[in-house]
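The values are calculated or read from the model by the stated rules, or taken from the named source; none is laboratory data. Predicted model, so just to flag it, every value in this text is computed and none were measured. Neighbour counts are summed over all protein chains in view; Cβ atoms, including those assigned to glycine, are modelled from backbone coordinates with ideal geometry. Side chains are part of the model used for accessible areas, which takes the heavy atoms of the whole protein and leaves out ligands, DNA and RNA. Shrake-Rupley method; radii C 1.70, N 1.55, O 1.52, S 1.80 Å.
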Amino acid sequence: MMTDAFWQLPLSLSRLLLGAGGWSPLISDAYQRLEVDLGERTKITAVATQGRYGSSDWLTSYLLMFSDTGHNWKQYRQEDSLGSFPGNSNADSVVQHKLQQPAVARFLRLIPLDWNPSGRIGLRVETYGCPYSESHPLTSKSSDPGLEQKSKEVVSLEFKTMKNSGMLLHAEGQHGFSLSLELDRGKLLLLLRQGRARQHQPPRRLASLGSLLDDQHWHHVALEQQHSHLNLSVDKHMEKIQIPVLSNWSIRQGNVSFFCPEPTSVAVTFPEPQSFLQLPWSTSFSSGTLSIGFQFRTWNKAGLLITFDLPQQKGVVWLYLSEAKICFQIHKAGRKLLEINAGSALNDGQWHSVDFISRHGHLTVSVDKDKVTLFLFFFVKYFCLTLGFLLCQGCPGEGQKQECRNPFEGFQGCMRLITLDNQLVNLITVQQRLLGNYSQLQIDMCGITDRCSPSHCEHGGVCTQSWTAFQCNCSDSGYNGATCHSSVFESSCEAYKHNGNTSGYFYIDVDGSGPIKPQLVFCNMTEENTWLVIQHNNSELTRVRSSPGVNQQAVRFEYPAEEEQLLAVIRQSEHCQQELSYHCRKSRLLNTQEGSPFSWWLGGPSPGRVQTYWGGAHPGSQQCACGLQGNCVDLQHYCNCDADRSEWTEDSGLVTHKGNLPVRSLVLGDVQRPGSEAAYRVGPLRCRGDKNFWNAAFFDKETSYLHFPTFHGELSADISFLFKTTASSGVFLENLGIKDFIRIELISSQVVFSFDVGNGPREVSVYSSVPLNDNRWHQVQAKRNVKEASLQLDGLPVVRQQAPADGHFHLQLNSQLFIGGTASRQKGFRGCIRSLQLNGATLDLEERAKITPGVRPGCPGHCSSYGSLCHHQGRCVEKDNGFHCDCSQSAYSGVFCQTEVSAIFKPETSISYIFKEPFEFSRNSSTSPLSISSNMPPKGEDISLSFRTTQSPALLLLVSSVRRQYLTLLINMLEVRYKLDSSQEAEVLRSGGRSLADGQLHSLHIRRLTDSVVLKNYLARLGSLGYSGCLSVVRFNSVSPLKAALLHPNNSPVVISGPLVQSSCGSAASANPYAAENTNHLSDDPGSMGSGQPLVNAMKTDSVLIGGVIAVVIFVVMTILAITARFLYRRKETYHSQEVKEVKQEDSQDFHYNHQADSHSVSGENPKEFFL
């Protein structure tokens, strides 16, 4: 059948023509269409196409439209953004497409998009389905009418409308509750009202479904209630809601007419910026009135709506959208003569009406009933003309003239009810090429699509859209990415620690991109183990106050975290604990004579389960810690408090069984007797260890792999893991579908993320300039959603690839997920994979590796990657799961050897560090600790320290031996003195810059290569003056004497004279180092409690001590670092010929040093040149 532009087939011909023939229009262009009349409303489930028999004519892609009346067409979309259907590749094969959601319509329209370039449009088509059975306009049924409370109530209906607001259904329930289904701005709302005076209470919105439901097409609505749950579905979208139980539904339908009038208006769609509609328009203006009117809807903020010329006056009129407002302008000779603005927020997808009227010298522009009127006496002549044409959006033809070029953005949206001088334009005649001209239009339909319904923005991201795309605003959501899918926070304190952070408050997101919200916790990183701390509303020691007539006191603890957050933290942690303490005097705790407990507590998932044991004992034992250990004050009882003594005692311990955490509440019973007193304390929840962070597996063969259930990431997928290997290539992960797949692999120095969601294979790759097979940990983050795919490797820039605007976006997989290999057992990965997470869920590689040949659980060797986190000579030490920093050889402390160790000295304070003594030395001896000796001669000295003082002169440091060898560091300007040989004079190195006794923090690093030193008497006299100021991070070779004195005084060879209290005076941020200081030692948490006496105050008596120590005035330094003063016997001639020794100052570059003789203190000393 050779037709032109349009052909309509009856139902009997709506099937494939297996013999000769087929449909082929005379002209093959984009304006052709084939229309099928099925004779009645039909439920269409599939469409199949075939090329024209015995020819080179077939379609390669097409659009499918449907309608009930042959007008007001609607495009069918397989997915929310996929509008086109793939066609044929030859004339004979049949390509069938099953519709994901059946279409109910009488008419089908097939519009060719592309065809065989070597042929023409050719088509045979067949539809599949069955007649649609009409149902009652409103139906309601109950699964068991006799049991109303157990019945399953179902209400379903279909509706179509041109109005965007109105009530569809109202249902009354018990206790004054009512539900209503209302259409509001094209969306269907489910509203709940309560009380008799409902008109005075705003309704509660339970759900909002659907969008653009005022399109005059049938929409199916169903409500299904069972007990307190209600399923609301609109077309293919459903939402589950919890509501009060409604029985004996009373449904009000209002005035009902059992017929449905069809619309008379015809809409036109401008799908592309180049789309245009040209209409003829002539008027003599004899009536003195000129008018234009139309309605439009769009998502775009800008676009040209209408323009026409004023030929005789050489002017032009523009009516356009700008910033979602209507702008009306008249231009002449490039000069703006008039501008009118009206309306606002007109890009909301709703229909808006625009009217332009010029009557008797007045110009009126109306937008949705809002009018702007101007008196135009001198402009009237512009409209007393016959206009050549009116142009809706753009210019006709390709060869546009200069004066026809559009200075505005193209309009994309829909228009309808276009009137010229109050005469409605017949757009059907335009479609038939009988009126005007057009290009790239869709007539008799509004093809607007709401890309934000349902919204693809996750985690509370706000969706906005234009005609072709949507955007997600992720501000303040805690997530990022194109769809707000990925969390910006780490999943645990352990992860923050290994990013180099120190103790503090952090947001953690335990399930990454999962549904659990981020929560604020305290991370204590001061110990080898990293503790996550969650406080509750009362972690202080609190007295129990009895109330008359009340035999039991109940206390409930409220946690700031939500229930699912708490349980996820406990589940993810390797160990959790919570202190449970009871202080008592004549107040029994657990055991009565009958065996029932006086007191108990509730713990575990909310609201908690009753527990009858106390902290430190086993679950279910009805004992306290002392009963388990056998050391209660009365061995006949299993708790100290059960002895019922008049003296204060306590039962305390840790609850460590994770299934019973957190502690929810306490019920205390024996508090009413005369003389009974008690206090309780429930500490914060503390958890350590992240089971997911170090979860790893080692693949030792290319043929080895782990397999897991199919990965479900249809709309959003994020995959993150760490790997290390010595191999140059291998597949990390693969999951296959029938056609779709997802794969991440290593290829030489790049990581490749490849996938197919139905649009053909795509790849995103990141190249690394450093080798990836260096046996160090590297991190991979691959993400894919409906808007884009991205890949990041380590800290390299993210590589992104945009998804097609109108393509497939559902990732459909059905095979097993392979880790470390493929289903073909080729190109497998050899090495370690760790912390593998898919959409926030961690795969347990270790458990699966235990039962899989060729794969071993765990993966050692973390220091090669994380060793750089250990600072200041800290040493990385391997652990089974992770590592820790050994700071024993560092002058710093802390998890990563970054915490400076400082003290303030006063003249009466000194520290002596004894390396090795030639005689027995007692800490209580009055012998001067200045003498230090060693039998092993050092190869040189490496000294570093920081100080601040205002005293000058002063002795900072003295290293000496019993053989009168010494090295000193003095503050006058800055001076280093040392004696290498008893037969030689002392060497002096002195700065030539400003004084360092200025109260500012200065850091020094001194390195010396020499033989020996000797102590002079005048140095002892100078040391007797003492030192007043601050010393910090003092280090002599591998020894840190100040750190040893402050942190380990009992097991270090140090002698301390005078008061010594730790301070933060060595911190660069310390503003007043000489004032009294509070140094916070983070112990339990930011609210940890001191022990002390339990009942000092009447209410809460636990002191909130964060380990602070007040360090006030401290001490002078003769920081006598007693080092092994090695002496090397050399001949005098050798010493004289010795090269100049080097003293290198690395950290202070503000000073220029000169070495010279000290004529004031040491006459005759022989100066030599050194470098500091």
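Ranked by the mean number of other Cβ atoms within 10 Å of their residues, highest first, the peptides 755-764, 659-668, 1033-1042 come out as 1033-1042, 659-668, 755-764.
Fully extending the segment from Asn1037 to Ala30, taken as 0.36 nm per residue of separation minus the present Cα-Cα distance, adds 354.1 nm. Inter-part distance, region 289-323 to region 712-765, computed on C-alpha centroids, equals 50 Å. The distance linking region 846-910 with region 263-282 is 71 Å (Cα centroid to Cα centroid, whole angstrom). If R0 is taken as 22 Å, the Cβ-Cβ distance between Ser815 and Ser89 corresponds to a FRET efficiency of 0.25. Here r is the Cβ-Cβ distance between Ser606 and His229 and R0 is 22 Å; the resulting FRET efficiency, rounded to 0.05, is 0.60.
Shape analysis of region 536-587 places it in the prolate category; the axes a ≥ b ≥ c from the Cα gyration tensor give an a/c of at least 1.5, with a/b above b/c.
How much length is gained if the chain between Leu435 and Arg848 is pulled fully straight, taking 0.36 nm per residue apart and subtracting their Cα-Cα distance, in nm to one decimal? Before the final figure, lay out the partial values.
Working: separation 413, 0.36 × 413 = 148.68 nm, distance 7.16 nm.
Answer, rounded to one decimal: 141.5 nm.
Once a ≥ b ≥ c are taken as the square roots of the eigenvalues of the Cα gyration tensor of region 448-561, is the result rounded (a/c under 1.5), prolate (a/b larger than b/c) or oblate (a/b not larger than b/c)? Oblate, because a/c is 1.5 or more while a/b does not exceed b/c.
Modelled this way, with points 7 Å down the Cα-to-C-beta line, the labels at Val667 and Ser265 are 6.6 nm from one another.
For Phe698, the residues 5 or more places off, or on other chains, whose built amide H falls under 5 Å of its own are Arg856, Gly858. For region 697-859, rounded, prolate or oblate, judged on the Cα gyration tensor with a ≥ b ≥ c (square roots of eigenvalues), a/c < 1.5 rounded, else prolate if a/b > b/c? Because a/c hits 1.5 or more and a/b fails to exceed b/c, region 697-859 counts as oblate. Residues in region 858-875 carry Karplus couplings, in order, of x, 7, x, x, 8, 5, 5, 9, 9, x, 5, 6, 8, 9, 6, 6, x, 10 Hz; the curve used is 6.51 cos²θ - 1.76 cosθ + 1.60 with θ = phi - 60°, and Gly or Pro positions show x. Under a 5 Å amide H cut-off, with hydrogens placed 1.01 Å from N, Glu562 pairs with nothing among residues at least 5 apart or on other chains.
Note on Arg451: accessible area approximately 40 square angstrom, rounded to 10, probe 1.4 Å, nucleic acids and ligands left out. At full extension, Thr289 and Lys236 could sit 14.2 nm farther apart than now, given 0.36 nm per residue minus the alpha carbon distance. Put simply, the amide H of Arg664, placed in the peptide plane, has neighbours under 5 Å in Leu602, Gly603, Gly604, leaving out anything fewer than 5 places away on its chain. When the listed pairs Lys332/Lys369; Lys325/Lys787; Lys691/Lys879; Lys658/Lys691 are checked against a 18 Å cut-off, the alpha-carbon distance exceeds it for Lys332/Lys369; Lys325/Lys787.
For Trp351, the accessible area of its heavy atoms, probed at 1.4 Å with every protein chain present, is near 50 square angstrom. Peptides 96-103, 525-532 ranked from most to least packed by the mean count of surrounding Cβ atoms within 10 Å: 525-532, 96-103. In order along region 707-722, phi translates into HN-Hα couplings of 10, 9, x, 4, 7, 9, x, 4, 9, 9, 9, 10, 10, 9, 6, 10 Hz, rounded to whole numbers, per the Karplus curve 6.51 cos²θ - 1.76 cosθ + 1.60 with θ = phi - 60° and x for Gly and Pro. Share of carbon and sulfur in the accessible area of region 697-859 stands at 48%, probe radius 1.4 Å. Whole-Hz Karplus values for region 540-547 come out as 8, 5, 10, 6, 8, 9, 6, 10 Hz, taken residue by residue from phi with 6.51 cos²θ - 1.76 cosθ + 1.60 and θ = phi - 60°; glycine and proline positions read x. Counting only protein heavy atoms and a 1.4 Å probe, tell me what percentage of region 34-131's accessible area is made up of carbon and sulfur. That fraction is 47 percent. Measuring between their Cα centroids, region 38-57 and region 479-545 lie 59 Å from each other. Computed with a 1.4 Å probe over protein heavy atoms only, the accessible surface of region 697-859 comes to 43 Å² per residue. Here His575 and Ile1056 are evaluated by their C-beta separation; at R0 = 30 Å the FRET efficiency comes out at 0.20.
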